[in-house]
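Below: the structure, in structure tokens.
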Amino acid sequence: MDSKQKVRGFSCSIHQIGNLGLQLLWSLVHLLISIGYFVVAAAAAVESYLISSGLLTRYKVLNISKLKYLAIVIESDDAVQTSKVVQLLRWLEVMGVKRMCLYDAQGVLKKSKASIVKMLDNAVLFEELDEKDLLEKPKCMALEFASMSDGKEGVVKAANLLFAKYMELGNRDGLDDEFFTEAQVGEALRAVGCKGPEPDLLLVYAPVRCHLGFPAWRTRYTEIVHMGSLKSMRLGSLTKAIYKFTRVRQNYGK
Amino acid sequence: MDKANERASGLLGRLSGFMRSCLFKVLCMGPIPTHFSFIMDGNRRYAKKMDMGEGAGHRAGFFALVSVLKYCYEVGVKYISVYAFSIDNFKRRPEEVKTIMDLILEKTEGLLEEGSIADQYGVRVYFVGNLKLLSEQVRIAAEKVMEATAHNTRCVLLICIAYTSCDEIVNSVRECCKDKMEEIEDEEGDDLVDIEKHMYMGVAPDPDILLRSSGEKRLSNYQLWQTTHCTLYSPTALWPEISLLHVVWGILKFQRSYAYFEKKKKML
């Protein structure tokens with residue numbers, strides 16, 4: 001009995017040592033990855049400097065007409081840094097980007113939209129534009145502000161609106177499947193205030209590459225590019241991201 | 001000579017399996033994604049690159065898929081979803097659509113055979129999407145596989161076919177309204193739970209990591225609703241070139257972002 005207990009105790013110890021060894025190896029792997037990312041970030045910082053100082057000539061000419069609508073997703077904790085957000089918008093304005101959506105999940109940017117627009121010289125809120133303004137070449141920067149309530153919750157509101165519309169038609173013999181189409185849902189979304197167009201490019205200023213709940217209906221073919229956190233934003237990296245976008249060719253599934 | 005070659009390749013196979021198992025033991029010291037999603041992009045470019053005939057790229061892509069499924073199930077991923085065919089893909093040339101559908105039919109029927117990956121790993125298979133758009137043959141085969149694997153509980157494979165996120169959302173809205181019509185006395189509107197209940201992807205939790213091969217940075221109308229808190233990973237390798245290293249790197253990326261997403265989910 002004693003020897004069985006000793007063997008059990010011994011194998012338990014071996015198991016614990018083994019686990020500790022594996023844990024150490026795992027931590028070592030992640031440490032090496034962090035070092036790798038640090039080196040890559042340093043190289044990106046150097047490249048960004050070279051781009052913004054004009055030394056890398058291929059980024060000097062941007063075909064900005066290809067970028068009709070830009071979306072910027074910002075981590076909500078960083079979105080309180082209004083001065084950083086305004087700096088980013090000023091860079092984009094100089095590049096010629098006129099129409100964009102600023103998104104953060106918690107709606108921090110929505111709360112500061114008035115002050116952001118005020119801090120820019122030539123900007124208006126997207127909802128202040130009428131149909132005529134949208135068709136013409138943009139004269140000033142138009143900013144849309146969105147949050148998670150415009151995403152999934154927007155679809156819920158659109159569903160309720162569609163249901164109410166359907167009931168008004170008076171057909172209670174069963175649901176007419178033909179009534180519910182992508183066009184109808186799109187129209188219902190616009191009616192409940194989720195009006196913005198589909199962005200061509202979505203820049204993510206967050207710790208991880210993820211859209212953080214940007215309205216699903218609007219990101220079907222949107223290029224999603226991770227820019228790192230807002231505090232480490234650089235003009236050169238922004239220029240490179242937009243330049244790379246202008247070189248993308250999409251098949252749209254074909 | 002043949003026997004020696006067979007013995008050598010058997011030995012190499014066992015050695016690589018052992019090394020993979022050691023690698024997975026290290027990986028498992030951190031969190032493993034519950035749901036790993038894949039956009040299998042680049043099969044045609046691969047065929048062009050390797051000077052192969054039409055459809056050969058997709059066949060090569062199928063072998064990559066089987067390997068990826070094995071690696072994921074071995075490391076402990078419970079749910080895997082793959083974007084097999086988009087509604088937009090029906091716009092391709094009819095001959096190409098037919099080639100892909102024939103391959104899907106062949107491999108779907110293969111899942112019913114003994115010794116298939118579904119059998120080996122106890123995989124429950126779901127075909128997720130607007131299945132009414134498929135030919136009767138493919139739809140019946142898909143339904144047979146779903147029925148035959150319904151009792152499997154170890155792992156889940158969701159094959160997104162005739163699928164787009166927008167179609168999924170429209171279908172969910174339609175089904176919610178259908179439910180409301182049947183409970184016409186109930187004056188309450190739809191809520192988020194109702195919409196999510198009717199999503200095609202409602203049979204699985206949201207993905208933790210989404211890998212799109214071939215370096216493209218868009219989701220192409222795939223799981224747009226489900227990827228709010230999902231790490232997006234776009235290796236430049238074409239789908240038939242996707243290997244164990246990409247799966248491992250994807251899991252490492254997930255582990256690095258795990259604490260961040262757990263914090264985000266708690267805030268909801």
Quiz item: Is at least one residue of the stretch B:84-92 open to solvent by 20 Å² or more (accessible area, probe 1.4 Å), touching a Cys at 6+ places or on another chain (Cβ under 7 Å) and either in contact (Cβ under 8 Å) with a residue 40 or more places away in the chain or within 14 Å of another protein chain (Cβ to nearest Cβ) (or both)?
Solution: yes
Practice problem: Look at B:Asp41 and say whether it is in a loop (DSSP other than H, G, I, E, B), within 14 Å of another protein chain (Cβ to nearest Cβ) and not hydrophobic (A, V, I, L, M, F, W, C). | Solution: yes
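Among the residues of the stretch B:194-230, write down those that are in a strand (DSSP E or B) and facing chain A (nearest Cβ under 8 Å).
Once the filter is applied, which keeps residues that are in a strand (DSSP E or B) and facing chain A (nearest Cβ under 8 Å), the stretch B:194-230 yields only B:Arg218.
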Exercise. Report whether or not A:Gly96 is within 14 Å of chain B (Cβ to nearest Cβ), touching a helix residue (DSSP H, G or I) at 6+ places or on another chain (Cβ under 7 Å) and in contact (Cβ under 8 Å) with a residue 12 or more places away in the chain.
Key: no
Quiz item: Is it true that B:Leu158 is open to solvent by less than 30 Å² (accessible area, probe 1.4 Å) and more than 14 Å from chain A (Cβ to nearest Cβ)?
Solution: yes
Quiz prompt | Selection from the stretch A:187-207 of residues that are crowded, with 21+ Cβ neighbours inside 10 Å and modelled with pLDDT under 95 | solution = A:Ala188, A:Leu189, A:Cys194, A:Gly196
Quiz item: Are any of the residues in the stretch B:235-254 part of a loop (DSSP other than H, G, I, E, B), touching a residue at least 24 places away in the same chain (Cβ under 8 Å) and either more than 25 Å from A:Lys244 (Cα to Cα) or within 12 Å of another protein chain (Cβ to nearest Cβ) (or both)?
Solution: yes
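Every residue, every condition in (1) surrounded by fewer than 22 Cβ atoms within 10 Å (Cβ to Cβ); (2) of a type outside the set (S, T, N, Q); (3) closer than 25 Å to B:Tyr126 by Cα, yes or no:
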| position | (1), (2), (3) |
| --- | --- |
| B:Ile209 | no, yes, yes |
| B:Ser213 | no, no, yes |
| B:Leu219 | no, yes, yes |
| B:Thr227 | no, no, yes |
| B:Thr231 | no, no, yes |
| B:Leu245 | yes, yes, no |
| B:Lys263 | yes, yes, no |
Quiz item: Do you know which of the residues in the stretch A:216-239 that are of a type in the set (D, E, K, R) and surrounded by 19 or more Cβ atoms within 10 Å (Cβ to Cβ) is farthest from the other protein chains (Cβ to nearest Cβ)?
Solution: A:Arg218
Quiz item: What strands (runs of 3 or more DSSP E) lie completely within the stretch A:27-129 and have 2 or more residues being touching a strand residue (DSSP E or B) at 6+ places or on another chain (Cβ under 8 Å) and open to solvent by less than 20 Å² (accessible area, probe 1.4 Å)?
Solution: A:70-74, A:99-103
Quiz item: If you take the residues in the stretch B:1-46 that are small (Gly, Ala, Ser) and within 30 Å of B:Ile161 (Cα to Cα), which one is modelled with the lowest pLDDT?
Solution: B:Gly42
Exercise. Just one of (1) in contact with a Cys (Cβ under 8 Å, 6 or more places away or on another chain); (2) within 30 Å of B:Val173 (Cα to Cα) trips up B:Leu211, so point out which.
Key: (1)
Quiz prompt | A:Ala158 vs. criteria part of a helix (DSSP H, G or I) and modelled with pLDDT of 90 or more | solution = yes
Exercise. Kindly check whether there is at least one residue in the stretch B:70-83 that is part of a helix (DSSP H, G or I), open to solvent by 30 Å² or more (accessible area, probe 1.4 Å), out of contact with any Asp or Glu (no Cβ under 9 Å at 6 or more places or on another chain) and among the small types (Gly, Ala, Ser).
Key: no
Exercise. Would you mention how many residues in the stretch A:34-49 are within 14 Å of chain B (Cβ to nearest Cβ) and touching a helix residue (DSSP H, G or I) at 6+ places or on another chain (Cβ under 6 Å)?
Key: 0
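Filter the stretch B:93-134 down to the residues that are assigned to a loop (DSSP other than H, G, I, E, B), of a type outside the set (Lys, Arg) and exposed (fewer than 13 other Cβ atoms within 10 Å of the Cβ) and list them by number. Even if it seems obvious, please write down each step before you answer.
Step one: list which residues in the stretch B:93-134 are assigned to a loop (DSSP other than H, G, I, E, B), which gives B:93, B:111-116, B:122, B:129-130, B:134.
In the following step, the residues that additionally are of a type outside the set (Lys, Arg) were identified as B:111-116, B:122, B:129-130, B:134.
Once the filter is applied, which keeps residues that are assigned to a loop (DSSP other than H, G, I, E, B), of a type outside the set (Lys, Arg) and exposed (fewer than 13 other Cβ atoms within 10 Å of the Cβ), the stretch B:93-134 yields B:Glu113, B:Glu114, B:Gly115.
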Quiz item: Condition test on B:Asp167, is it more than 9 Å from every other protein chain (Cβ to nearest Cβ), open to solvent by 20 Å² or more (accessible area, probe 1.4 Å) and either within 17 Å of A:Gly151 (Cβ to Cβ) or not in a loop (DSSP other than H, G, I, E, B) (or both)?
Solution: no
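The values are calculated or read from the model by the stated rules, or taken from the named source; none is laboratory data. Computed from a predicted model, the values in this text were never measured in an experiment. With ideal geometry, Cβ positions are generated from the backbone for all residues, glycine too; neighbour counts draw on all protein chains shown. Ligands, DNA and RNA are stripped out before the accessible areas are found, and what is left, the full protein with its side chains, is counted by its heavy atoms. Shrake-Rupley method; radii C 1.70, N 1.55, O 1.52, S 1.80 Å.
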